[in-house]
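The structure under discussion appears below in the form of structure tokens.
The values are calculated or read from the model by the stated rules, or taken from the named source; none is laboratory data. If you're wondering where the values come from, they're calculated on a predicted model, not measured in any experiment. Note: ideal-geometry Cβ built from the backbone for every residue, glycine included; neighbour counts use all protein chains shown. Side chains included, ligands, DNA and RNA excluded: accessible areas come from the protein's heavy atoms. Shrake-Rupley method; radii C 1.70, N 1.55, O 1.52, S 1.80 Å.
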Amino acid sequence: MALIACPKCQKRISSQAKQCPHCKTDLTGNTESLAVISHIERSNSLMNQSFIYLTLFIAGVVVWFWGGEPAQGLTSYIAIASFVAGFTGYLITRVRIVLHKRKSV
């Protein structure tokens, strides 16, 4: 009996298990297709997160320069926070995408 990664949730389970105790996935059938589907779902999730952070970054830039002049007061703080959060979130998500693709099925 060895420990293997569940094809769906990637948590460690027994090689003799008929069902994953974590995600309740049935392991008696074709587990290769489950691994591919799980990989695609994770890729899609990371791409969606990347899009959300990029949108937040662009929203910060638009708010900052709305009306032709740089924002002032509370609007500038909101724009900077959106800009920084979007930029850092986008960079982190892109690194996660690269690492995920290296670990491809």
| said: Give me the residue from the stretch 94-105 that is in a loop (DSSP other than H, G, I, E, B) and in contact (Cβ under 8 Å) with a residue 24 or more places away in the chain and, out of that set, surrounded by the most Cβ atoms within 10 Å (Cβ to Cβ). | reply: V105
| Residues of the stretch 75-93 satisfying the condition of being within 14 Å of L54 (Cα to Cα) and open to solvent by 90 Å² or more (accessible area, probe 1.4 Å) | F87, I92
| request: Kindly provide the set of residues from the stretch 17-63 that are part of a loop (DSSP other than H, G, I, E, B), of a type in the set (A, V, I, L, M, F, W, C) and touching a residue at least 12 places away in the same chain (Cβ under 8 Å), ordered by number. | output: C20, C23, L27
